[in-house]
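Quick notes on the structure that follows.
The values are calculated or read from the model by the stated rules, or taken from the named source; none is laboratory data. Since this is a predicted model, take the numbers as computed values, not measurements. Heads up, the Cβs are rebuilt from the backbone with ideal geometry, glycines too, and the neighbour counts pull from every protein chain shown. Side chains are part of the model used for accessible areas, which takes the heavy atoms of the whole protein and leaves out ligands, DNA and RNA. Shrake-Rupley method; radii C 1.70, N 1.55, O 1.52, S 1.80 Å.
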Amino acid sequence: MKLTKERIVDAGMAVFAEVGYQNLSMRQVADRLDAHAGSLYYHVRGKEELLALMADRVCRSAYDAGSAALAALPPAAGWQDRVATQATALRLSIKQHPGGAQLLAESPGTLSTGALALMERLLRTLLDAGLPADHCAVCADTLLSHVTGFVLQEQNQPAAPPSVTAERYAELCERFPLLMGPSMPRLGQDEKFTRSVRLLCAGFAAPVRAE
């Protein structure tokens with residue numbers, strides 16, 4: 001099949017899922033396409049541009065998912081609902097790509113237009129809510145960093161919890177009574193994420209209330 005930029009990005013995503021960010025190479029991508037490495041450079045200048053294109057694809061997919069989720073909200077939805085909807089759509093979207101959170105984290109350095117669109121829309125939501133302009137950039141960056149970190153943890157969790165003996169478990173409970181004790185709720189990842197975003201939104205609104 002004829003080499004195209006889209007096919008090279010497809011192959012890059014597949015290789016990335018197998019070997020990770022640091023180990024990705026143009027030669028591996030070429031092997032995946034059954035092509036010579038040199039032929040890739042007619043379409044993509046090098047690894048950095050390929051990573052930028054991959055990040056842009058992930059971000060654009062997340063942007064489209066957020067657009068659909070926002071369109072489904074009722075007209076009376078408040079700004080916190082709109083922020084939470086964007087965050088949830090972003091989390092679900094980047095989870096679909098192995099390494100998607102890492103690509104998102106690297107996207108500002110590549111000036112990905114997809115990532116910039118995500119930030120622009122989030123900033124507009126916060127500004128329209130009446131938050132001070134000099135406050136909005138920090139809020140938006142904090143939220144996107146939280147989503148990225150949350151998904152990084154999710155994507156790096158072991159498939160099964162570590163095996164712990166009863167003796168070791170009792171020792172941990174004694175050393176860390178707050179963390180291991182019954183007073184701390186055991187939340188699923190979805191509920192934990194929802195609550196965390198709501199807490200962030202409450203913090204974003206606090207300076208407005210103080211004024």
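Let's see how each residue does on (1) farther than 21 Å from G149 by Cβ; (2) hydrophobic (A, V, I, L, M, F, W, C):
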{"position": "A166", "(1), (2)": "yes, yes"}
{"position": "E171", "(1), (2)": "yes, no"}
{"position": "M184", "(1), (2)": "no, yes"}
{"position": "L200", "(1), (2)": "no, yes"}
Would a scan of region 39-47 turn up a residue that is modelled with pLDDT under 95, under 30 Å from T142 (Cα atoms) and part of a helix (DSSP H, G or I)?
-> yes
Any idea how many residues of region 36-64 are open to solvent by 20 Å² or more (accessible area, probe 1.4 Å) and of a type in the set (G, A, S)?
-> 5
With the condition kept exactly as written, say whether any residue in region 128-142 is over 23 Å from the mean Cα position of the chain (by Cα) and more than 26 Å from Y63 (Cβ to Cβ).
-> no
Here the residues within region 133-188 that are among the aromatic types (F, W, Y) and surrounded by fewer than 13 Cβ atoms within 10 Å (Cβ to Cβ) are Y169, F176
Restricted to region 79-100, and to residues that are touching a residue at least 24 places away in the same chain (Cβ under 8 Å) and more than 14 Å from the chain's Cα centre (by Cα), which residue is most open to solvent (accessible area, probe 1.4 Å)?
-> R82
If you check every pair at least six apart or on different chains, which have Cβ atoms under 7 Å apart with a residue in region 30-54 that is over 22 Å from G99 (Cβ atoms) first and a residue that is in a helix (DSSP H, G or I) and open to solvent by less than 60 Å² (accessible area, probe 1.4 Å) second?
-> H36/A30
Which of (1) over 15 Å from the mean Cα position of the chain (by Cα); (2) in a helix (DSSP H, G or I); (3) surrounded by fewer than 18 Cβ atoms within 10 Å (Cβ to Cβ); (4) not aromatic (F, W, Y) is the odd one out, the single condition V29 does not satisfy?
-> (3)
Spot the failing condition for Q157; the list is (1) over 18 Å from A84 (Cβ atoms); (2) in contact with a helix residue (DSSP H, G or I) (Cβ under 8 Å, 6 or more places away or on another chain), and only one is missed.
-> (2)
Residue under evaluation S67, criteria (1) farther than 29 Å from E120 by Cβ; (2) open to solvent by 30 Å² or more (accessible area, probe 1.4 Å); (3) small (G, A, S); (4) within 21 Å of the chain's Cα centre (by Cα), criterion not met | (1)
Just for region 186-208: of the residues that are among the basic types (K, R) and within 18 Å of the chain's Cα centre (by Cα), which one is nearest to C139 (Cα to Cα)?
-> R198
Scan region 74-95 for residues that are in a helix (DSSP H, G or I) and over 17 Å from K192 (Cα atoms) and jot them down.
-> W79, R82, S93, I94
